[in-house]
Amino acid sequence: MDEPPAPQTVEAAPVWARRHRRALRAEFAESAYAPSEMRDLVRAAARSWGLGDVGALAALLVSELVTNAVEHGGSGGVVEVEALPAGLRVRVTDHSPVRPQVQHPRADEPAGRGLSIVDQLSRRWGVEVASAEKTVWFEVDDVDLSSHG
């Protein structure tokens, strides 16, 4: 007689994700004010979620990505912020399918460092391209900056 198949193990979502999902979504316009507005939004969300100093870092990085969306993507878009167990995941979607590239500008060039900054300061990041838009995302860990120094 055949034995019944062994039960499959299914990992449940982490408890924090089911009970207290902390996330927000905000649209931004193609405007010179969009980077600072999204920077303030991310900083305030991190503070309200009790995530300490990660808000300052995430605010800097979202500002770089929103600036790129406005200047190079020629559009507004959407910022999505999600609290992780020990940090934040931020996604910036704009209406251009052009994949951004990390640039290596000379010291005397005033621009072109946005993705390089994201690359250096985030835990990890990436780009997802769809037919009419792209999403650049990053994750940062919550750290207590006052203990480093």
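Exposure proxy ranking for ARG47, ARG89, ARG99, based on other Cβ atoms within 10 angstrom of each Cβ and starting from the fewest, stands as ARG99, ARG47, ARG89.
Computed on the stretch 22-147, with alpha-carbon pairs under 8 angstrom and 6+ residues apart, the relative contact order is 26 percent. Modelled spin-label separation between ASP141 and SER48, with each label point placed 7 Å from Cα along the Cα-to-Cβ direction: 2.7 nm.
As a footprinting exposure proxy, order VAL92, VAL129, VAL118 by other Cβ within 10 Å, with the fewest listed first. Intermediate values should be presented prior to the final figure.
Working: VAL92 27, VAL129 14, VAL118 24.
Placing the least packed residue first, the sequence is VAL129, VAL118, VAL92.
Fewest Cβ neighbours within 10 Å first, please rank LEU115, LEU88, LEU121 accordingly. Write down the numbers at each step before the final one.
Numbers: LEU115 20, LEU88 29, LEU121 15.
If I rank by nearby Cβ atoms, fewest first, I get LEU121, LEU115, LEU88.
If you add up the charges near LEU60, with Lys and Arg at +1 and Asp and Glu at -1, over every other residue whose beta carbon is less than 11 angstrom from its beta carbon, what do you get?
Numbers: positive: ARG39, ARG43; negative: GLU64.
Surrounding charge for LEU60 is +1.
Laboratory data are not the source of any read-out in this text; all were calculated from the coordinates shown. Predicted model, so just to flag it, every value in this text is computed and none were measured. Please note: Cβ atoms are built from the backbone with ideal geometry, for glycine as well, and neighbour counts cover all protein chains shown.
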